Structures are given as structure tokens and as C-alpha cells.
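Notes for the one structure printed next.
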Amino acid sequence: MRWLCLILFLSACIPIRDDVLQSYDGWRGTTTFTTQEREVFRGADGNGLMTARPVITLGPDGRAFGVFTNIRRRDANGPRIGRITSGGQTLDYTAHDRLLTHCIDGCQPAEVGVITLSETAFRLAAQTGLPLRVWGLRGRYNGTVPAEAFARVLAKVDDG
């Protein structure tokens, strides 16, 4: 019995595989595929933090490809994003909301949004990753969304 308890306890320490998340919206008739958020940037001063996750949405109008972003600061001033670039090219970024998030030890002001990509750009990012430069009112952030996150979302969608 002790061995069983020890095995169960130790198995709880094994990291859970970061699977692709799938959700269906019956109102819109869409299915969304994405991963857990991944930290892609943390500022040297400890204030700026950026997480991102690739997303594909399937619906009556076809497929949409993009990257959800969550850019936050650990001080009182929330981020104000002007533009996001990759390789010198300005990406199609839309801010969805400015809110307080991650309220564990004081809330962090955040701007959440989405970068819209073409299918070709999404498939390329699945091979190379997507380097991002965020140009904000209160600073600039550099990070890369890893290729394997894009690849896993694509594999789930392509496998049907």
C-alpha cells in the first residue's frame, strides 16, 4: 500500500503534456484549436511580460490563422501597443481588451489581442517560429513564438 501511495505521489510530479486545446462555439458554429500560453518575453527590468499562443479557427466562412497575445506589465502602467512587427514587416494586430490579469500577488495591467496571419505565414512559422517585436508606448518587447507550438496546432487541424 505504501508503494502504491509513493508511486501515485511521484507520478503527480511528472509534467503533463502540453496538448492542443479544442473548443466549439455553437453560437458561431466555429471550432478553435490552440495551445496553452507560452512566455515569449520577460523584460530585464521585470516589468514587461509577453505570452502568446498560435490559434486556428474553423467555421462556416473557412479557416482563420493567428496568434493570441497577452502583453502585461508588473507596475501600475498598463501596456499600450502601437504595432507588432516580424522581420521588419508590420503584422496585422488587433487589440481586444485592456484588463487586469494574473491576480495572484497583485493584478497586472494587460493588453490582450490577436495577430492575424495568412495560412502560408502560419505554416512557415511552424517551421521557423515567429519572431516578434512589440512596439509599445511604455517600451519595446522582443520574443519568439516557438515553431513547435504552430506545428502541433497545424497537425491537429490537418489530421481532422
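The values are calculated or read from the model by the stated rules, or taken from the named source; none is laboratory data. All figures in this text were calculated on a predicted structure; none of them were measured in a lab. Neighbour counts are summed over all protein chains in view; Cβ atoms, including those assigned to glycine, are modelled from backbone coordinates with ideal geometry. In case anyone asks, the SASA skips ligands and DNA or RNA and just uses the protein heavy atoms, side chains included. Shrake-Rupley method; radii C 1.70, N 1.55, O 1.52, S 1.80 Å.
Laid out as a table, the results:
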quantity: Quarter of Cα convex hull surface for region 20-160, i.e. mean projection, nm²; calculated: 8.9 nm²
quantity: Charge context of Arg98, other residues only, Cβ under 14 angstrom, K/R +1, D/E -1; calculated: +2
quantity: Region 104-157: C-alpha gyration tensor shape, a/c 1.5 cut-off, then a/b vs b/c; calculated: prolate
quantity: Total formal charge among the other residues, if their Cβ is under 12 angstrom from that of Asn142, Lys/Arg +1 and Asp/Glu -1; calculated: +3
quantity: Accessible area expressed per residue, region 117-160, with surrounding protein chains retained (probe 1.4 Å, Å²); calculated: 52 Å²
quantity: Residue-wise HN-Hα coupling along region 138-155, computed from phi with Karplus coefficients 6.51, -1.76, 1.60 (Hz; x: Gly, Pro); calculated: 10, x, 10, 10, 10, x, 9, 7, x, 4, 5, 5, 4, 4, 5, 5, 4, 4
quantity: Total charge dipole magnitude, region 110-160, about the Cα centre, Cβ charges on Lys, Arg, Asp, Glu only, Debye to nearest 20; calculated: 280 debye
